[in-house]
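Notes to accompany the following structure.
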Amino acid sequence: MNILLVEDEARVADFVLRGLRAEGWTVTHAADADMGLELTMQESFDVIVLDLMLPGLPGQDFCRKLRARSDLTPILILSALDALDERVEGLRIGADDYMVKPFEFDELIARIEALARRSRQFAKDSSAAVLQAGVIALDLETLEATVGGAPMELTAKEREILKLFLSKPGRVFSRERILNSVWGASEDPLTNIVDVYVGRLRRKLGTHGSDLQTVRGAGYRLRAK
């Protein structure tokens, strides 16, 4: 499980980080909402644990901004705000669950597991046979890739890269993430093989090759349409 913790209070963050990592989960910490939103553009998380009273952008706006870009990652609010109207508002603006501080750690674990379970089931039930962004599409059953309805002849690696981009249009994928997803951890991380294959894929996309964008210093993304 890969979890994002957005919490500014150092003592609470350290307690939660140590506890979640003891479960064998990967946990990334953001001390404010802006940092948290940036991390969600760079990486996929199974669950987000979110405080509301954050410096700068409040947690409520984090929820709104995340949902506004159609990111359905489950959000568990963990806040000292315990009034009924605050809990109701948290759920209405996009959170999936709400816990009040102080909290029992076993309950936090159980709620995270429940959110991840529901999310996986939803993804399984709603998985599309075709991934698509604009005129670029990949049929997951026939493995046929098309651009503007015209078929593209892709190698297996090119198809896997396209599938990764189409799975989350607009998401930035680092070279390391692409390398690990398509070639595996055994590939030399210093190789330029990702850049070579992205270049080949761009050429095969023809006039739509510019939709596969380079994000300087971060990686690549397929422009969402």
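Taking region 160-172 as the range and being outside any loop (DSSP other than H, G, I, E, B) and either open to solvent by 80 Å² or more (accessible area, probe 1.4 Å) or modelled with pLDDT of 90 or more (or both) as the test, the residues that pass are E160, I161, L162, K163, L164, F165, L166. Within region 19-40, if we keep just the residues that are among the charged types (D, E, K, R) and touching a strand residue (DSSP E or B) at 6+ places or on another chain (Cβ under 9 Å), the residue that is least open to solvent (accessible area, probe 1.4 Å) turns out to be D32. A single member of D51, D71, D82 is in contact with a strand residue (DSSP E or B) (Cβ under 7 Å, 6 or more places away or on another chain) and at pLDDT below 95, and it is D82.
Of the candidates I136, I109, I75, I93, the single residue that is more than 13 Å from L5 (Cβ to Cβ), touching a Cys at 6+ places or on another chain (Cβ under 9 Å) and open to solvent by less than 70 Å² (accessible area, probe 1.4 Å) is I93.
The values are calculated or read from the model by the stated rules, or taken from the named source; none is laboratory data. Small disclaimer: the values here were computed from a predicted structure and weren't measured. Because the Cβ atoms are built from the backbone with ideal geometry, glycine has one as well, and the counts that use them run over all protein chains shown. Just the protein is used for accessible areas: all its heavy atoms, side chains included, with ligands, DNA and RNA removed. Shrake-Rupley method; radii C 1.70, N 1.55, O 1.52, S 1.80 Å.
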